[in-house]
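Worksheet: the structure to be examined is printed underneath.
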Amino acid sequence: QVQLVESGGGLVQAGGSLRLSCAASGNIRGINVMGWYRQAPEKQRELVASITWRSTTNYADSVKGRFTISRDNAGNLVYLQMNSLKPEDTAVYYCMLVQSSYTYWGQGTQVTVSS
C-alpha cells in the first residue's frame with residue numbers, strides 16, 4: 001500500500017503563488033510517476049503536471065510557464081510551485097502516484113484563487 005498526504009493549499013489572490021507538497025509513504029518502488037490532478041466543481045478531474053522517476057516532466061497547456069513540478073532525490077516528495085495564479089485555477093488538487101499499473105491518490109487539498 002501507498003499513502004499520499006498533500007499540504008499547502010489555501011486562498012490566494014489572482015497573480016499570487018502557492019506551493020503544494022505531497023509526501024508518499026509505504027511500499028514505494030523506484031520506477032514510478034508522481035503528479036498532480038485537479039478537479040473544479042462540476043468538471044472532470046484533469047492532469048495538471050507529472051514527473052517520472054527520471055524527472056521527466058509533463059504539463060497541461062493551461063499551466064505551462066506558470067507551474068513547476070519537482071521531486072526530491074529520494075523520490076518520496078513531490079512539489080507543485082504555482083505562480084501567476086488565476087481564478088480558473090480554483091479546484092481541489094490531488095496528488096497521485098502510479099506504479100506497477102496502479103494509481104494511488106491523496107485526499108486532495110483545496111486551492112482557491114480570488115479575482
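The values are calculated or read from the model by the stated rules, or taken from the named source; none is laboratory data. Just so it is clear, the model here is predicted, and its values are computed rather than measured. Here the Cβ is made from the backbone with ideal geometry for all residues, glycine too, and neighbour counts use every protein chain on show. To get the accessible areas, we keep the full protein, side chains included, count just its heavy atoms, and leave off ligands, DNA and RNA. Shrake-Rupley method; radii C 1.70, N 1.55, O 1.52, S 1.80 Å.
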Every residue from segment 19-77 that is closer than 21 Å to THR112 by Cβ and hydroxyl-bearing (Ser, Thr, Tyr)
SER21, TYR37, SER62, THR68
Tell me the residue from VAL5, VAL12 that is outside any loop (DSSP other than H, G, I, E, B), closer than 17 Å to GLN110 by Cβ and either free of Cβ contacts under 8 Å to residues at least 24 places away in the same chain or more than 12 Å from the chain's Cα centre (by Cα) (or both), please.
VAL12
Where ASP61 falls short, out of the listed (1) closer than 14 Å to GLY8 by Cα; (2) out of contact with any Ser or Thr (no Cβ under 8 Å at 6 or more places or on another chain); (3) not hydroxyl-bearing (Ser, Thr, Tyr):
(1)
Subset of segment 13-41, residues open to solvent by 20 Å² or more (accessible area, probe 1.4 Å) and of a type in the set (A, V, I, L, M), comes to ALA14, LEU18, ALA23, ILE28, ILE31, VAL33, ALA40
Does GLN44 satisfy the criteria of being of a type outside the set (Lys, Arg), in a loop (DSSP other than H, G, I, E, B), in contact (Cβ under 8 Å) with a residue 60 or more places away in the chain and open to solvent by 40 Å² or more (accessible area, probe 1.4 Å)?
no
Subset of segment 55-68 [open to solvent by 10 Å² or more (accessible area, probe 1.4 Å) and either within 12 Å of the chain's Cα centre (by Cα) or not charged (D, E, K, R) (or both)]:
SER55, THR56, THR57, ASN58, TYR59, ALA60, SER62, GLY65, THR68
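Can you tell me how many residues within segment 31-41 are part of a loop (DSSP other than H, G, I, E, B) and in contact with a Phe, Trp or Tyr (Cβ under 6 Å, 6 or more places away or on another chain)?
2
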Within segment 69-102, how many residues are at pLDDT below 95 and surrounded by fewer than 14 Cβ atoms within 10 Å (Cβ to Cβ)?
6
Consider only pairs whose beta carbons are under 8 Å apart and that are at least six residues apart or on different chains; among these, list those whose first residue lies in segment 79-104 and is within 12 Å of GLY8 (Cα to Cα) and whose second residue is part of a helix (DSSP H, G or I).
MET82/VAL63; MET82/ASP89
